[in-house]
Each structure stands twice: as C-alpha cells, then as structure tokens.
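Visitor: The following block contains the structure, expressed as structure tokens.
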Amino acid sequence: MINSIGEILLQNGNPLLKMWSIHIDTRIRPFINHSHTRFEITVVDSGSGEYTTENAVYPMEPGDVFIFSSSEVHCITKTGKDGLSITNLHFEPRYLSEAFSENSSDSYIDFCFSHSTQFSNRIPAKKAEILRNHHRIIKEEFLNKNDRFSLAVRAHLHLILIDLLRNHNYSAPTDIHKVNFDIISVYDYIEQHLSDKLTLNSIASIAGLSPNYFSNIFKKLNSISLWDYITARRIEKATRLICSKKQNLSMLDIALQCGFNNTVNFNKAFKKHRGITPSELRKNPKLLLH
C-alpha cells in the first residue's frame, strides 16, 4: 500500500522532491538491481525487514534511518511477521544546487553522488533522533501546507544533510563544485530532450566545455557515465508512464517517448536497470516496492 504525502514539482510536472509512505506485507523477495538518480532518505515507521545492497544486508527496525545516494543499488528483500511500514523522501540532486549561487563555496551538489567508505547506509534508531525529527517535520509541513511550507521543507532537508556530514561520516570530499559550468542547465536540457536523439556534442555545448572534458567531469560528478545517467532518466520516465493510471500507452509508445527506437532495446535497458521487464511491471506495479 502506497500513500502520497507531498511533492515539489518541476515546471514540466515531474517531481523534484517527493515523500510517501509504504506498507509491505510479510514476504521474502529476490534481490532486484534497484537504483535511481534521486537521493533517498527512508525512516522505518514500524515492523521489520532487511535492506540488501551490493555490499551488505542491513536489518530494518523501527526508528532506523536509511540513506542511499544517487545510483546506489538497494532493495528490500525481506519483511517480518508484522510487515514493514516506511516513509520515503526522494529528491533530485538539482534540488540542493538551486539553493546556492554559482560562486557559493558551500555548494554540496556532489553530496548526492558519493559518500565516504566509513559511512553505513543504515543509521540505527538510537543514533538517528535528529534525522527522524527533521524527517517528521518535513512530513508535517507537507500535510499541513502552512504559509511558505516549501521553504520549511528545504530548510529541514538541509539540516538533515548537515547532520549526516557532521555526525555520521557521510562526506566524500571532491573539488567538483570548482568546475565553472552550469550543471543545472545540463540536467534540464537532458530532461527536456529524453525522447530525442541526444549527443555528447550537444550536451557539452550547454556546459560550454569540450565533449571529452565534459564527459569526464560529468562522470566524476554523477559517479556514472553520461549515457548511463541518460538511460537511467529514460527508464525512470518509462516507469512513471507504465504505472500511470491516467494513461494507457502501448509499450512501443512508451519506448518512443523515452528515447528508445524500438521495444527490444527498451526491454533490454529496462530489465538491466529494474531487474524486471516493462510488461511484468505493468502487471504488478508492487514489484518496485523496494
């Protein structure tokens, strides 16, 4: 069962930040290669389970907080006898950067893409009180929608990130913020042209950099290559279209709208990123409940 709590949208209607709650009944699930370009902050509300990553299996207990950077593989593979209830907060990396001027030395957009080797994805309940409190206040802001609630959401999100940096060994220092180009314009250009034939030259020109240099910088910033990032964004768009109750598009229509020239390539890419086929997701959207 999924309940939407709130979201902050881009002009094109896609979510820049969103929060929702999920209840998963008792089950054991196979590990699915689940990842996304958004940063994730999850609080375990009740029940129990297991979160599996590429490197560890974490127990899930009430009050625990889980943090996953962009493109970090994670999947709930087990829930206990009482099921599992969690509240998820996802946001796009550009949500952070919009709060800073281009010359701000405090910008930490790179925060979303990597963390130190000492950081654990699971922050146990006894060490997570500050994180939970800000997470809870964000939820209340969405539910109450008082004046300037979106500013309050942003403020408490930043306090969460500061706590991760100060108290949980999150940081992985980089010098990426010193690169003088507008990464937000690059993200926006890619987002607006997902259905088109994108080229390295056209994207690099938005940044005002040579193609090879831009490609290297983009991978350093995002921890994945430009083309892997574009494919991930296309698969995320396709996932929304497949699960949408307002549209009944054929798989070919969805493939074309998401930049794939045929269903064979679309199915192959979708299976690689989601661990299931588009048809399997359409039959059972709950397969993507982490």
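Visitor: Can you tell me which residue among T239, T277 is in contact with a helix residue (DSSP H, G or I) (Cβ under 9 Å, 6 or more places away or on another chain) and surrounded by fewer than 18 Cβ atoms within 10 Å (Cβ to Cβ)?
Guide: Of T239, T277, the one residue that is in contact with a helix residue (DSSP H, G or I) (Cβ under 9 Å, 6 or more places away or on another chain) and surrounded by fewer than 18 Cβ atoms within 10 Å (Cβ to Cβ) is T277.
Visitor: What are the residues in the stretch 242-290 that are among the β-branched types (V, I, T) and assigned to a helix (DSSP H, G or I), if any?
Guide: I242, I254, T263, V264
Visitor: Could you give me the residue pairs with C-beta distances under 6 Å whose first residue belongs to the stretch 155-172 and is without any contact (Cβ under 8 Å) to a residue 12 or more places away in the chain and surrounded by 15 or more Cβ atoms within 10 Å (Cβ to Cβ), whose second residue is part of a helix (DSSP H, G or I) and polar (S, T, N, Q) wherever it lies, and which are 6+ apart or on separate chains?
Guide: Qualifying pairs under 6 Å: none.
Visitor: If I ask for residues that are modelled with pLDDT of 90 or more and of a type in the set (A, V, I, L, M), which ones from the stretch 231-248 would you list?
Guide: Within the stretch 231-248, I235, A238, L241, I242 qualify.
Visitor: Tell me which of these L143 doesn't satisfy, since it passes every other one: (1) hydrophobic (A, V, I, L, M, F, W, C); (2) surrounded by 13 or more Cβ atoms within 10 Å (Cβ to Cβ); (3) over 20 Å from the mean Cα position of the chain (by Cα); (4) modelled with pLDDT of 90 or more.
Guide: Among (1) hydrophobic (A, V, I, L, M, F, W, C); (2) surrounded by 13 or more Cβ atoms within 10 Å (Cβ to Cβ); (3) over 20 Å from the mean Cα position of the chain (by Cα); (4) modelled with pLDDT of 90 or more, L143 violates only (2).
Visitor: A follow-up question, please. Looking only at the stretch 1-42, how many residues end up being among the charged types (D, E, K, R), at pLDDT 90 or above and in contact with a Ser or Thr (Cβ under 9 Å, 6 or more places away or on another chain)?
Guide: Number satisfying all stated conditions: 3.
Visitor: Turning to a different aspect of this structure: Every residue in the stretch 214-228 that is at pLDDT below 90, of a type outside the set (D, E, K, R) and assigned to a helix (DSSP H, G or I), please.
Guide: N216, I217, F218, L221, N222
Visitor: Restricting to the stretch 48-79, count the residues that are among the polar types (S, T, N, Q), under 16 Å from F31 (Cβ atoms) and within 20 Å of the chain's Cα centre (by Cα).
Guide: So the answer is 4.
Visitor: Taking the stretch 189-221, which residues are over 27 Å from N262 (Cβ atoms) and touching a residue at least 60 places away in the same chain (Cβ under 8 Å)?
Guide: Scanning the stretch 189-221 gives a single hit, L221.
The values are calculated or read from the model by the stated rules, or taken from the named source; none is laboratory data. What you see is a predicted model; the values in this text were computed from it and never measured. FYI the Cβ positions are ideal-geometry reconstructions off the backbone, even for glycines, and counts take in every protein chain you see.
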